[in-house]
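Okay, so here's the structure we're looking at.
The values are calculated or read from the model by the stated rules, or taken from the named source; none is laboratory data. As the structure is a prediction and not an experimental result, all values here were calculated from the model. Cβ coordinates were reconstructed from backbone atoms using ideal geometry, including for glycine residues, and neighbour counts include every protein chain displayed.
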Amino acid sequence: MKTLIGISCCQKPFGKFEMLNHAVSDTYVRAVDEIVGGMAVLIPANGAECDIACLLARLDGVILTGSPSNVAPCLYGGEPHPPETPEDRRRDAVTMPLIRQAIASGMPLLGICRGFQEMNVALGGSLHQRLQDLPGRIDHSTPMQASPRIRHGKAHPIKVVPGSWLHRVAQASEIAVNSLHNQGVDRLAPGLVVEGEAPDGTIEAVRLRDAPGFATGIQWHPEYDFDRDPVSRRIFESFGEAVRAYRAGNQTFAQAAD
């Protein structure tokens, strides 16, 4: 039986009348189908209506997705966003408790871009809202180009921490990544350790040091090129291995209880 992988959705307007939909990019679903080897279960951004405990009881792993929206600053004591900045408070209301409960249960958790930032906030860290406005930082935001190959192409290198999970996955001390974000880590959450940094010092990858299971966040988007980039592929393969181990452990526990 396939593993069940929860994928966080956003609320987005859709269609002629811009009705709100719960949506996620097909690239995450394809990564689960083709690399993780599981079945995608979309987690709606339905705020307090989401029963996190009920959801996690049925899942084997969680992927926190990227999004054009920013994490609400009130969650980390930041200044309010400018009025034009997109937020998704109902997604925040799902992902914050979801992260904490998934980690507590030992369920494998992979945060990507916004999902990486959500992990930092949920565990007690804070964010810079616009990295490009900070002295000495490069512009990490999305290239406004029609071609997806340009938008999703490699934008800068990151230095990989020797001996880290990312070092084992990347099999290199430096890798090239895409860059499609404005927010970035300011204060790193307690318990998170850095796995990789951009040349300007921006934290690009973390893991939870004492997590009972796989709990990793990355700032870039491996779902865009897992079909042609070996490192992106191995990120999802590593997550898939953790998911299968988690499922096997739960099955063993259930059999022992019987």
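Table for the structure above
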| read-out | value |
| --- | --- |
| Matching residues in the range 179-201 - criterion: being modelled with pLDDT of 95 or more, surrounded by 21 or more Cβ atoms within 10 Å (Cβ to Cβ) and not in a strand (DSSP E or B) | Ala198 |
| Residue check, Met96 surrounded by 18 or more Cβ atoms within 10 Å (Cβ to Cβ), over 19 Å from Glu49 (Cα atoms) and modelled with pLDDT of 95 or more | no |
| Residues of the range 150-195 classified as within 23 Å of Asp133 (Cβ to Cβ), small (Gly, Ala, Ser) and out of contact with any Phe, Trp or Tyr (no Cβ under 7 Å at 6 or more places or on another chain), total | 3 |
| Residue in the range 209-219 that is charged (D, E, K, R) and either touching a residue at least 24 places away in the same chain (Cβ under 8 Å) or surrounded by 18 or more Cβ atoms within 10 Å (Cβ to Cβ) (or both) present | no |
| Residue that is surrounded by the most Cβ atoms within 10 Å (Cβ to Cβ) [pool: residues in the range 40-59 that are part of a loop (DSSP other than H, G, I, E, B) and within 16 Å of the chain's Cα centre (by Cα)] | Ala45 |
| Test for Ala57: is it small (Gly, Ala, Ser), under 23 Å from Val194 (Cβ atoms) and modelled with pLDDT of 95 or more | no |
| Filter result for the condition that a residue is free of Cβ contacts under 8 Å to residues at least 24 places away in the same chain, surrounded by 14 or more Cβ atoms within 10 Å (Cβ to Cβ) and under 27 Å from Leu56 (Cβ atoms), over Ser238, Ser232 | Ser232 |
| From Ala172, Ala104, Ala93, residue being part of a helix (DSSP H, G or I) and within 21 Å of Val193 (Cα to Cα) | Ala104 |
| Selected residue (criterion: farthest from Ser238 (Cα to Cα)) from residues of the range 61-96 that are among the aliphatic types (A, V, I, L, M) and free of Cβ contacts under 8 Å to residues at least 40 places away in the same chain | Ala72 |
| Any chance Pro162 is without any contact (Cβ under 8 Å) to a residue 24 or more places away in the chain and not in a helix (DSSP H, G or I) | yes |
| Residue count, the range 115-138 (criterion: under 21 Å from Pro222 (Cα atoms) and not in a helix (DSSP H, G or I)) | 1 |
| Hits in the range 129-145 - residues which are under 19 Å from the mean Cα position of the chain (by Cα) and farther than 16 Å from Arg187 by Cα | His140, Ser141, Thr142 |
| In the range 7-23, the residues that are in contact (Cβ under 8 Å) with a residue 24 or more places away in the chain and either out of contact with any Gly (no Cβ under 7 Å at 6 or more places or on another chain) or in a loop (DSSP other than H, G, I, E, B) (or both) | Ile7, Cys9, Cys10, Gln11, His22 |
| Residue in the range 26-35 that is under 21 Å from Pro222 (Cβ atoms), of a type in the set (S, T, N, Q) and within 17 Å of the chain's Cα centre (by Cα) present | yes |
| Which numbered condition Asn120 misses (of (1) farther than 22 Å from Pro82 by Cα; (2) in contact with a Ser or Thr (Cβ under 8 Å, 6 or more places away or on another chain); (3) not β-branched (Val, Ile, Thr)) | (1) |
| Residue within the range 78-90 that is modelled with pLDDT of 95 or more, within 26 Å of Gly213 (Cβ to Cβ) and either in contact with a strand residue (DSSP E or B) (Cβ under 8 Å, 6 or more places away or on another chain) or not charged (D, E, K, R) (or both) present | no |
